[in-house]
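Engineer: Got a structure for you, written out below as structure tokens; questions coming shortly.
The values are calculated or read from the model by the stated rules, or taken from the named source; none is laboratory data. Every value quoted in this text rests on a predicted model; they were computed, and no experiment measured them. In this analysis, Cβ positions are derived from the backbone assuming ideal geometry, glycine residues included, and neighbour counts consider all displayed protein chains. What goes into the accessible areas is simple: the full protein's heavy atoms, side chains included, and nothing from ligands, DNA or RNA. Shrake-Rupley method; radii C 1.70, N 1.55, O 1.52, S 1.80 Å.
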Amino acid sequence: MNDARRGRVMLRRQLLEEGYNDKAIARLVQDGTWVKLRHGAYTEAHTWGALDHANRHALVTRAVVAQARTPVVVSHTSGLPFYDAPTWGIDLSQVHVTREDHKAGRQEAGVQQHSGVILPDDACRRDDLPVMAATRLGLEVTTVADAEASLCVVSHLLHERHTTPEALAARYQQHMQQWPHTLSTDLVLRLADPRFESVGECRTYYLCFRQGLPMPEPQYEIKDDNGRVVARVDFAWPELGVFLEFDGMVKYEKLLRDGESASDVVVREKRRQDLICRLTGWQCIRIVWADLFDPARTAALIRSVLFPADRAA
């Protein structure tokens, strides 16, 4: 109940019933006590201030559902915050809902209403709102976002076990193949993997695909001479003797132990890398978030390590 995403959404009609008038509402917004979410909907400023961009979108979405004149289900990209799914590369400028009355959808005032058949298993309740179930939601995202961003979303839903590859494939083949804007859906379903643990890993894998590199094995286990697993690397090309680690800020925050500084984590990671190299004889590639914004250069670096003979030639 302390989650700011569940903060109070105050509708104008309710406030009028409680004794406020439009001047009082405007004054509370002007002095910073309340924040206007959209026309006729408000929340408390301290609630709004506690939210990041994605969860502010979730609160606006809550207002849209409360104001809807017909039953709707939160859908497409607007369902992502309710699954704590990544929103990297996702446009959250509009709230997406799907009408339950099967009437034609429309776009108005920052809201995109969709129409379409909602099967019994397509919707569920999350945070006390009707939201598309993860299987349909993941497929919907592929129709409004590019393949790379969609891959991050679908892989997250798989990693968190909200859905399965089998369920996604079955739902797609059942009805969604005929939907518009699904050209990249099949690609996303083929690349999505529950082993990806971050957006950075998803984007690294996508980079390998788009740049024509050999596809690596995600979350590859490294064993010692006794067969005991001593480490797990983000990606590996075992046949080429190379492994890759994506160094993201979130990763280092997760590795940080009580009483440690960031430098302690770096030293421990260096020792871990040395151990892996000693056990396997492999080379290590490390990339960071900035490298993903220059895929051609990063792919050239990876290729030079994978195929050193080509570089020498």
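Engineer: Does at least one position in the stretch 76-86 carry a residue that is of a type in the set (Val, Ile, Thr), open to solvent by 40 Å² or more (accessible area, probe 1.4 Å) and part of a helix (DSSP H, G or I)? Full working, then the answer.
Structural biologist: So the first thing to find is which residues in the stretch 76-86 are of a type in the set (Val, Ile, Thr), and the list is 77.
The next check asks that each one be open to solvent by 40 Å² or more (accessible area, probe 1.4 Å); those that pass are none.
No, the stretch 76-86 has no match at all.
Engineer: Now for a separate question. If I filter the stretch 26-35 for residues that are hydroxyl-bearing (Ser, Thr, Tyr), loosely packed, with under 14 Cβ neighbours inside 10 Å and at pLDDT 95 or above, do I get at least one hit? First the steps, then the outcome.
Structural biologist: First, pick out the residues of the stretch 26-35 that are hydroxyl-bearing (Ser, Thr, Tyr): 33.
Okay, now just the ones that are also loosely packed, with under 14 Cβ neighbours inside 10 Å, so 33.
Imposing the further condition that a residue be at pLDDT 95 or above reduces the set to 33.
Looking for residues that are hydroxyl-bearing (Ser, Thr, Tyr), loosely packed, with under 14 Cβ neighbours inside 10 Å and at pLDDT 95 or above, one finds at least one in the stretch 26-35, hence yes.
Engineer: In this structure, does LEU168 turn out to be in contact with a Phe, Trp or Tyr (Cβ under 8 Å, 6 or more places away or on another chain) and either among the β-branched types (Val, Ile, Thr) or surrounded by 16 or more Cβ atoms within 10 Å (Cβ to Cβ) (or both)?
Structural biologist: In short, no.
Engineer: In addition: Quick one: in the stretch 206-230, of everything that is in a helix (DSSP H, G or I) and over 15 Å from the mean Cα position of the chain (by Cα), which residue is surrounded by the fewest Cβ atoms within 10 Å (Cβ to Cβ)?
Structural biologist: Checked the stretch 206-230; the qualifying residue surrounded by the fewest Cβ atoms within 10 Å (Cβ to Cβ) is ARG210.
Engineer: Yes or no: THR70 surrounded by fewer than 17 Cβ atoms within 10 Å (Cβ to Cβ), of a type in the set (S, T, N, Q) and part of a loop (DSSP other than H, G, I, E, B)?
Structural biologist: For THR70, the condition - surrounded by fewer than 17 Cβ atoms within 10 Å (Cβ to Cβ), of a type in the set (S, T, N, Q) and part of a loop (DSSP other than H, G, I, E, B) - is met.
Engineer: Now for a different question. List the pairs whose first member sits in the stretch 129-142 and is assigned to a loop (DSSP other than H, G, I, E, B), whose second member is among the aliphatic types (A, V, I, L, M) and buried (at least 24 other Cβ atoms within 10 Å of the Cβ), and whose Cβ atoms are under 8 Å apart, counting only residues at least 6 apart or on separate chains?
Structural biologist: Sorted first by the residue in the stretch 129-142, then by its partner, the pairs are THR142/VAL154; THR142/VAL188.
Engineer: Taking the stretch 37-72 on its own, how many of its residues are farther than 18 Å from LEU129 by Cα, among the aliphatic types (A, V, I, L, M) and in contact with a strand residue (DSSP E or B) (Cβ under 6 Å, 6 or more places away or on another chain)?
Structural biologist: Total meeting the criteria: 1.
Engineer: Anything in the stretch 22-52 that is closer than 20 Å to ALA66 by Cα and either in contact with a Cys (Cβ under 7 Å, 6 or more places away or on another chain) or not hydrophobic (A, V, I, L, M, F, W, C) (or both)? List them, or say none.
Structural biologist: Of everything in the stretch 22-52, those that are closer than 20 Å to ALA66 by Cα and either in contact with a Cys (Cβ under 7 Å, 6 or more places away or on another chain) or not hydrophobic (A, V, I, L, M, F, W, C) (or both) turn out to be ASP22, LYS36, ARG38, HIS39, GLY40, TYR42, THR43, GLU44, THR47.
Engineer: Scan the stretch 285-301 residue by residue and report those that are open to solvent by 40 Å² or more (accessible area, probe 1.4 Å) and either aromatic (Phe, Trp, Tyr) or assigned to a strand (DSSP E or B) (or both).
Structural biologist: Scanning the stretch 285-301 gives ARG286, VAL288, TRP289, PHE293.
Engineer: Given the conditions (1) more than 24 Å from CYS202 (Cβ to Cβ); (2) assigned to a loop (DSSP other than H, G, I, E, B); (3) at pLDDT 95 or above, and given that HIS162 satisfies all but one, which numbered condition is not satisfied?
Structural biologist: Among (1) more than 24 Å from CYS202 (Cβ to Cβ); (2) assigned to a loop (DSSP other than H, G, I, E, B); (3) at pLDDT 95 or above, HIS162 violates only (1).
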